[in-house]
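To start, the structure under review is shown below, and the notes come after it.
The values are calculated or read from the model by the stated rules, or taken from the named source; none is laboratory data. All of these numbers come straight from a predicted model, not from anything done at the bench. Counting neighbours? That spans all protein chains shown, and the Cβs are built from the backbone with ideal geometry, glycine included.
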Amino acid sequence: MTRLLAALAALVLAALPAAAAPGVAAASDLKFALDEIARAYARETGRAVRLAYGSSGNFRRQIAEGAPFELFLSADESYVLALARDGRLEDEGVLYAVGRLVLFAPEGSPVDPDKGMPGLAEQARAGRVAKLAIANPSHAPYGRAARQALEHAGAWGALEGRLVLGENVSQAAQFAASGNATAGLFAYSLTFTPAVSGKGRYALVPEAAHAPLRQRMALVKGAGEEARAFYRYLQAPAARGVFSRYGFSPPGP
C-alpha cells in the first residue's frame, strides 16, 4: 500500500508543470495552522505550496521510497532523524513545535475530561467507555502518545479492545467530535478547528504521561528554491505565532 501511494504521488506530481509549487508532506495535526500559514505566505510572496496531510509514519515510508516531496513536517522528530540518517534529507532539519495531547469527550459522553486519565481509566473499568478514538499507534505519533498515556493511567488493558483507530490524528478527532466514540485522545491543535470546537469538552493530558511530541521539519534532498523559501518562512516569527495560536508550544533545545 505504501509503494502504491508513493507511485500515485509520483504520477500526479509528474503530470504537473515543472514550475509547479513544491510538494510539502505534513503531519495531520498541522492541518489548520499550516493552511493559515500557507495562505499568508501566498499573500506576502505570491508563491504557493502544495500541502499533503497524513500520518508522519506513512510519509516517512513514502519519502524513503522516493515520493517526490520537497519538505517534510513530522509530528515526531524520530522520523525526520531516521530519514536524515538514510541520506534522504539534506540534514536533520529543525524543531518547529512541541505538540500536546488532549482527552476529549463529545456532548452526552459519560467521560469527564476534567477528571483526567484516572477518570477515563475508572470509566473504562466500569464498562462505560464503549469506544475510544485514537490515531493508529503503529504509524501516527499522536496515536503512540495516546497509547503511552493510557498505559501510564493503567487503562490500556481495559480499552485496547474498544479502540477506534484513525489513519491519522485528524481522523481520530473526527470520530470523537462526531459522537462516534465515547471519548478521544488527539492533538490539542485540533480543538481550535471548526470540526471540533464546541462539539464537546476537553482537557490537556499531562506531558509526563507520554514521550514529548517534538515536531521536526527538514528539506528532502534535492529540494528546489521554492521549497527552501517556504522552509525559511516557517521559521520566521509570523509562522511561529500561528503555531502558538493553535496550541503548539515553541520548540525547546
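If you check VAL94, VAL102, VAL98 for being touching a Pro at 6+ places or on another chain (Cβ under 7 Å) and modelled with pLDDT of 95 or more, only one passes: VAL98. Can you tell me which of ARG201, ARG216 is closer than 20 Å to PRO113 by Cα and charged (D, E, K, R)? After applying the criteria, what remains is ARG201. With respect to the conditions (1) hydrophobic (A, V, I, L, M, F, W, C); (2) out of contact with any Phe, Trp or Tyr (no Cβ under 7 Å at 6 or more places or on another chain); (3) touching a residue at least 60 places away in the same chain (Cβ under 8 Å), ALA135 lacks only one, and its number is (2). Screening GLU151 on (1) surrounded by 20 or more Cβ atoms within 10 Å (Cβ to Cβ); (2) closer than 19 Å to LEU204 by Cβ shows it passes everything except condition (1).
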